[in-house]
Amino acid sequence: MPTIAIVGAGPQLGLAIARTYGTHGYDVALIARNRAKLEDLAGELAVEGISAAAFPADVLDRTALTQALKDAATHFGGIDVLEYSPVGGLQTVMTTPAATEPADVQHEMDFQLYGAIAATRAVLPAMREAGAGTLLFTTGAGSVDPVPQIANVNAAAAALRNWVINLHKELDGTGVQAAHVAINVSIGTPAVPGFPTAQPEEISPIYWDLHTTKRDQAELVFSL
């Protein structure tokens with residue numbers, strides 16, 4: 001069976017993506033920091049008839065992240081799709097552009113761009129050898145249209161977006177697809193009063209579309 005590895009798997013979008021792929025016959029490798037939470041997600045998917053397993057790793061620990069993806073590939077016999085969408089939580093203090101110092105951006109660069117690069121390097125060689133595979137990377141829509149209140153987060157997200165679109169160009173004709181997903185809504189519950197909100201199940205089908213029918217697209221922005 002084919003396999004999707006979800007880096008940053010959680011009970012919202014990660015679980016919805018797992019269900020979307022799982023209902024199409026995919027095994028699911030769940031990667032995040034907390035083993036107990038991952039095992040809960042794997043158990044929830046198992047009840048629904050979806051094969052899933054937990055591979056704990058922190059994206060800030062590039063060695064551990066690489067090993068988790070290698071372990072997942074060994075366990076399931078390969079990784080056909082990588083989805084990268086970890087959430088930094090409260091570890092970053094948001095800054096406006098004028099107030100931003102290099103240190104304000106560094107954590108988000110480590111978390112978003114460098115983690116994504118490490119994850120890609122762990123799975124891309126096998127995909128290139130096979131001539132098939134999909135690499136999907138998620139940010140907020142501030143990577144495309146930044147807002148002053150979260151300038152440091154947007155800067156790192158924009159760097160990831162730039163790198164993914166460039167990777168898409170490099171992989172053209174290889175059979176491997178790379179694409180960036182920018183989400184222009186709150187997921188599940190409103191983060192800001194009046195800001196559009198969508199449920200994870202409304203968003204997850206676009207990840208399947210990019211893998212199957214929209215392989216020529218380097219980017220997709222989800223909005224309502």
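The values are calculated or read from the model by the stated rules, or taken from the named source; none is laboratory data. Note that the structure is predicted; figures quoted are calculated from it, not measured. Quick reminder, even Gly has a Cβ in these numbers, built from the backbone with ideal geometry, and neighbours come from all protein chains shown. Note: areas computed on protein heavy atoms with side chains; ligands, DNA, RNA excluded. Shrake-Rupley method; radii C 1.70, N 1.55, O 1.52, S 1.80 Å.
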Give me the residue from the stretch 21-57 that is among the β-branched types (V, I, T) and open to solvent by 30 Å² or more (accessible area, probe 1.4 Å) and, out of that set, farthest from the chain's Cα centre (by Cα).
V47
Positions within the stretch 7-25 being outside any loop (DSSP other than H, G, I, E, B) and either hydrophobic (A, V, I, L, M, F, W, C) or closer than 23 Å to T66 by Cβ (or both), in sequence order:
V7, L13, G14, L15, A16, I17, A18, Y21
Return the total of residues in the stretch 191-207 being open to solvent by 50 Å² or more (accessible area, probe 1.4 Å), under 19 Å from the mean Cα position of the chain (by Cα) and touching a residue at least 12 places away in the same chain (Cβ under 8 Å).
3
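Here is a yes/no grid of residues against (1) in contact with a strand residue (DSSP E or B) (Cβ under 6 Å, 6 or more places away or on another chain); (2) open to solvent by less than 10 Å² (accessible area, probe 1.4 Å); (3) small (G, A, S); (4) modelled with pLDDT under 95:
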{"position": "T134", "(1), (2), (3), (4)": "yes, yes, no, no"}
{"position": "G142", "(1), (2), (3), (4)": "no, no, yes, yes"}
{"position": "V147", "(1), (2), (3), (4)": "no, no, no, yes"}
{"position": "A156", "(1), (2), (3), (4)": "no, yes, yes, no"}
{"position": "W163", "(1), (2), (3), (4)": "no, no, no, no"}
{"position": "G173", "(1), (2), (3), (4)": "no, no, yes, no"}
Does any residue of the stretch 193-202 turn out to be assigned to a helix (DSSP H, G or I) and acidic (D, E)?
yes
Filter result (part of a loop (DSSP other than H, G, I, E, B) and over 17 Å from M1 (Cβ atoms)) within the stretch 56-90:
P56, A57, D58, V59, L60, D61, S85, P86, V87, G88, G89, L90
Go through the stretch 31-77 and give me each residue that's of a type outside the set (D, E, K, R), touching a Phe, Trp or Tyr at 6+ places or on another chain (Cβ under 7 Å) and over 20 Å from D110 (Cβ atoms).
A72
